[in-house]
Each structure stands twice: as structure tokens, then as C-alpha cells.
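What follows is one structure encoded as C-alpha cells, with my remarks underneath.
Quick note: the coordinates plus some simple rules give every number you see, no bench work behind them. The shown structure was predicted, so the numbers you read here are calculated from the model rather than taken from an experiment. In this analysis, Cβ positions are derived from the backbone assuming ideal geometry, glycine residues included, and neighbour counts consider all displayed protein chains.
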Amino acid sequence: MFDVNELISPLATEQTSLSEDVLKKINRQIANQLNTGVLVLDEAFNIVIWNRFLQVHTDKFGADIIGQSIFQAFPELPERWLTRKLMSVMQLNTPNFCSWEQRHHLFELPHTRPITTDSEFMAQNCTFLPIVTESSCKHICILIEDVTDVCHYQGQLQKALEELAQMSRIDGLTQIYNRRHWQESLEQEFAKAKRHSKSLSLVMLDLDYFKLLNDNYGHQCGDMVLIEVSKLIGSLLRVEDIFGRYGGEEFAIILPETDLSGAIELAERICSAVAKKSLEYNGEEINVTISLGVAQLRNKEVSYEGLISQADSALYQAKAEGRNKVCSSSTSVAEV
Amino acid sequence: MSEFHLTEDQQDCLQELINVAMGQASDQLARYLDTFVYLKVPSIESVDGKELISTLSQQQNTMAVVSQGFFGYEGIRGEALLAYQEEDSGRIADLLGYEPEELSQDEQLIDISSILTTTFLNVFARQIDNQMSYNAPKLLPSVQNSLSEHLQQMTFNWDLALKVNINYQVTDYSFNCNMILLIPETAIINIKNVLDRILEDF
């Protein structure tokens, strides 16, 4: 039904000045200058025609290829799968396709961008066309398009998009999650904990006397402290804990499947680790402390914001009680 | 009623052509798949472009959509969309005669879509003395609302869409999908001319 010759033939009859012979030569030259591989198979999948594109890319001689089975000439082809595909073209008389997006390539051919791309073989879009010349004689035409460029640029685009997505989640200074992503995560963890009746705890923490540090040593020193403290805290967490920069010198940690006592234990560990750590700025030793507020999700809580304000008030309590310590909203838990 | 809407006669004529095309296509498919294919009479609706978007977005759990462009003589062209639900996709490899490890789920969907679309449209084209060519089928990115997003981003303007609901029952497999043929405005005029020509011959 789909027939390349038939599509070309109206041209031939309109242009009566061309003889059959000249027309044949023109068609052959076009086929040989196409930047697309053309391979024609007979019903037994033996190769009957191929064009120059394939000849130069496979570096094989025509005499060896013509008459050979496609699977013999190209042993890299997945025989069982391709046979079934070719059968569908024969039986249904419909074209069939194979895109690089599902299979990078069928034929192992070199490509012309060996330096700028990282794949060894030419990425291909293949089209399988049924060719009916006489009622009893069927052929299949395989068109092989080089889409190495498309594949390469799509890969670059994908990489750029992933980097962008990553950047939109990360705080530029400390390289931990930013406020927006942290809050989205809390919303999800809150919903998960509610649905599965799992415990969930939150730690809010704040650097003590951070303004004074900035005033005495300058903002570059303040930045260094933020970076180093983030690194230290990050090293004390489990993979499932979600650590983010909440604001200026305030940080927050989501602890999934953790109850209040577990959260307090971790907070105490973080508190003393930070106090013990001595940092250095311009040859001067700098010691900082943090205050922490801990809260556990209560049954009556209907929004994640409630959990934040609980942890927040525990943090204020820790500040009020002299800093460098952990307070929890355990009193409010007892009230429930 | 705009110039793009089909008259009652034209609608009947198109339904008849599609019934016949579907019957022949499923006969070919049965032979290819080597099993019995039971086919319900396809229901055909012509729907407004804007209505279609809301109809489709109401359709829950559409798992995947495969798009394939088609074009023939006399300006007959459009895009076929095949929409699958989660439960339709389990045994496509089996149905097509492949081993599951030979091809990915995406490739299975693309393959069955291409076969359904081209088999059906080839027979349809033959009935109106036409011949179709096809673009390579594409799986639309699997995000929610991908279908309505895709429709909104389409480059050509179209007012009318033909919604053909196909329901294939294959022995041992249950398989369902919706085929939607989007036809741009100019192509609708061309189809109406073809339908009128066929109606005159009766």
C-alpha cells in the first residue's frame, strides 16, 4: 500500500522529456547522496539494495552484502525482536518505527561527531516501510537517519534541567536545602506521618550571638561559620533527615519516624558537637554555640505550621534559658 | 454551526467508513496477532476543541498518550492520539508476540499504538482513494495533564476533533484504548469535500 515508487511516479509521467533511463540514474544518484541509510530487504530478510551512506559507514563491500541475510550482515541486531517487527510491516502493510529515545541505535555505525559526543555509535531513527511492487512480491525498506546531534543536545538539555532543578532546591551559601524546598518536604512528611500514623519530629536551631560575630569579625567570617556549622550538623544526620536553612542564621531539621526522646538525643549531640568545634578565621580561633528547640507531631495537629511554631517556641525558651542548650515542647505534649 | 461541523449525512457517511475501516483493520490485526479479536462498534463523536480538553482532563488515570501524525493526498492530515489507562498496559508485549525483556514498557505502548493507528488509517485511506504517510509515533512525557498541555501547545489550529473510542477484546488478553483523531480546520474542509463526493456516488 505504501510505495515509494508510486510516490515518485507522478513526477515521471509529468516530465515526459525524461527517459526511463535518465530517471533511473537521477533516482540512484539521489539515493546515494542522501544522508540517510537506505536498506531494502526481500521477504526472507535478505539484503537486495543498499545505498552509499550505509556502504561508507559500514566500510563493507557491496558484493559481500547484497544477498546476505540482514542478521548475517549486521550481527548486532536483536534478531527475534526485529523479525517480529519486520513481520508486522509485511503482514499489516503498515510502516513501523524505532526511535533513538527507546533504542539508541539498531545498527552499529560510527558517527561523524566522535569528539563532541560521548556515545560510540550513531544514534538512529529507523523507519520500516512496506514496498509492494507486484502483487506477489513484497519488500521492506529500512531508512536509517543519523540523529546523533539530536540525541546529544537532548542529553545536554536534560543535564541542564536537572542542574536547574537541583539549584532551585539548594541554598547557595551553605549548599544545604533552601527554605522553600525544606518547607515543601515538611508538608510531604507531615502528610505521610498523618496517613500512616508514624511519628515525626522537628528541630529548629539558631546560632547564638550571630549578630555580634558579624559585627566583630565581618560578614565573611559570619558566612564561614554558617558554612562550617552546616557541614558539621549535616555529618551528624541520617540520610532520611531533611536539613535546611530556614532563614539568616536559623536552620531546621525534619526527622521522619523519630519520637521526641530520639529527637532530643540528636539535638543534644548536635549542640555539644558545635560547642566543641573550634573554627579558624584569619588565624584566630572562633567558638560558636547554638540553641535548639525540639517538637514532636501531636495527634491534634492539623497543619505542619503548628509543628513549626511548637519547635520555634521551644527554641525561644532555650534562648531565654541562657543559650547553648536544647529545649523541647514536651510540656505541651504532656498537656495533650 | 460553523463551516467545520459535519452535516448529518456527512456524519453518517464518516461513521460508516470508520466502521468498515475498523472491521478490516481488526481482521488484519487478528491474523497478525494470531488470535481472535472481538471488536465493539466504535463510537464516534465530533467534539469541539475546547470541550475535548475538558473531557480529557476529567478522564482519570490516563497513564500514557502516544501521538502520531498522518498525512495523505487532498490535504487530509491530522494527528492520532492513543490514550491508555493503567490497567490496559499489563500484557502488551505478550499481545504483540514479544518477550517482555526484549522491549521496554514505553516501546510496547509506542509499538501497539503505531500498529493500531496505521492499520486503521491505511484501510480508511483506501476507502476514500487516498494514501497515508506517517510520522514516527511519540510517547508524550508522562506528567499529569500532559494531554491537555499537549493540546494547548499544538502548532496548528483545530476546531474539531474526532474522538473514536476503540475497544479491543482479545482472547486471553483484555485490552482497551481510546483513539482520538485531531483534524485541523483546513483538513476538515477537505474531508467534508471527500465525504460529499462519496455521498454523490450513492
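Can you compute the helix-only [θ] at 222 nm over chain A? Use -39500 (n - 2.57) per DSSP H run of at least 4 residues, normalise by all residues, nearest 500 deg cm²/dmol. Provide the component values of the computation, followed by the final result.
Values: 13 runs with 157 residues, N = 336.
The helix-only estimate for chain A comes to -14500 deg cm²/dmol at 222 nm.
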- line: For the protein assembly as shown, the Debye formula with one identical point scatterer on each Cα and no solvent gives log10 I(q)/I(0) at q = 0.06, 0.09 Å⁻¹ as -0.50, -0.83
statement: Treating only Lys and Arg (+1) and Asp and Glu (-1) as charged, each at its beta carbon, one finds that chain A has a dipole about its Cα centre, in Debye to the nearest 20, of 500 debye
- request: Equivalent ellipsoid semi-axes for segment B:1-43, as square roots of 5 times the alpha carbon gyration tensor eigenvalues: give them largest first, rounded to whole Å.
  value: 30, 8, 7
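Output the relative contact order of chain A, whole-number percent, from Cα pairs under 8 angstrom with separation of 6+ residues. Don't skip to the answer; put the middle values down first.
Values: 518 pairs, mean separation 42.1, N = 336.
Over chain A, the number comes to 13 percent.
If we sort B:110-122, A:303-315 on the protection proxy, mean other Cβ atoms within 10 Å, highest first, what's the order?
Numbers: B:110-122: 24.8, A:303-315: 19.2.
So the peptides B:110-122, A:303-315, ranked by packing, come out B:110-122, A:303-315.
Taking Cα atoms of segment A:169-335, Rg/Rh with Kirkwood Rh, to two decimals? The partial results should precede the final answer.
On the way: Rg = 15.6 Å, Rh = 16.1 Å.
Rg divided by Rh gives 0.97.
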query: Of A:D241, A:D215, A:D259, which is the most mobile in a GNM of chain A whose springs link Cα atoms less than 10 angstrom apart?
result: A:D215
- prompt: Within segment A:30-49, what residues put their amide N at less than 13 Å from the label point 7 Å along the Cα-to-Cβ vector of A:T133?
  reply: A:40-43, A:47-49
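How well do other chains shield peptide A:95-104, expressed as the mean number of their Cβ atoms within 10 Å of each residue Cβ?
Counting Cβ atoms of other protein chains within 10 Å of each residue's Cβ and averaging gives 6.
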message: No partner Cβ under 4.7 angstrom, meaning no disulfide-compatible partner by this rule: which Cys of the protein assembly as shown qualify?
response: A:C137, A:C141, A:C151, A:C221, A:C271, A:C327, B:C13, B:C177
All Cα pairs of segment A:82-200, percent lying beyond 23 Å: 60 percent
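How do A:F61, B:F124, B:F4 rank when sorted from fewest to most other Cβ atoms within 10 Å of their own Cβ? Walk me through the numbers before you get to the answer.
Working: A:F61 9, B:F124 23, B:F4 20.
Starting with the residue having the fewest Cβ neighbours, the order is A:F61, B:F4, B:F124.
Compute the signed sum of charges (Lys and Arg +1, Asp and Glu -1) over the other residues within less than 10 Å, Cβ to Cβ, of A:N214.
Around A:N214, the charge tally is -2.
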Cα gyration tensor shape of segment A:151-242, rounded if a/c is under 1.5, else prolate or oblate by comparing a/b with b/c: oblate
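Taking Cα atoms of segment A:4-155, Rg/Rh with Kirkwood Rh, to two decimals? Don't skip to the end; give the middle numbers.
Values: Rg = 16.5 Å, Rh = 16.7 Å.
Ratio of gyration radius to Kirkwood radius: 0.99.
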field: Sequence-distant residues sharing a close amide H with A:V288 (under 5 Å, placed H)
entry: A:L279
query: Given H placed on each backbone N at 1.01 Å, which residues far from A:T36 in sequence or on other chains put an amide H within less than 5 Å of it?
result: none
query: How many partner chain Cβ atoms sit within 10 Å of a residue's Cβ in peptide B:97-103, on average, as a whole number?
result: 4
task: Could you work out how far the C-alpha centroid of segment A:279-316 sits from that of segment A:15-37, in angstrom?
output: 78 Å
- request: List, in order, the whole-Hz ³J(HN,Hα) value for each residue of segment A:179-191 obtained from phi through the Karplus relation with A = 6.51, B = -1.76, C = 1.60 and θ = phi - 60°; use x for Gly and Pro.
  value: 4, 4, 5, 4, 5, 4, 5, 5, 4, 5, 5, 4, 5
message: Checking the cross-link filter: which aspartates and glutamates have an alpha carbon closer than 12 Å to that of A:K198, excluding same-chain neighbours under 8 positions apart?
response: A:E189, A:E257, A:D259
- request: Compute the semi-axes of the equivalent ellipsoid of segment A:146-189, taking the square root of 5 times each eigenvalue of the Cα gyration tensor, and list them largest first in whole Å.
  value: 31, 12, 5
- prompt: When a footprinting reagent is the concern and you count Cβ atoms within 10 Å, what order do B:M132, A:M167, A:M204 take, fewest first?
  reply: A:M167, B:M132, A:M204
- line: When A:R269, A:R245 are ranked with the fewest other C-beta atoms within 10 Å first, the list becomes A:R269, A:R245
message: Quick check: Cα centre of segment B:1-25 to Cα centre of segment A:159-176, how many Å?
response: 53 Å
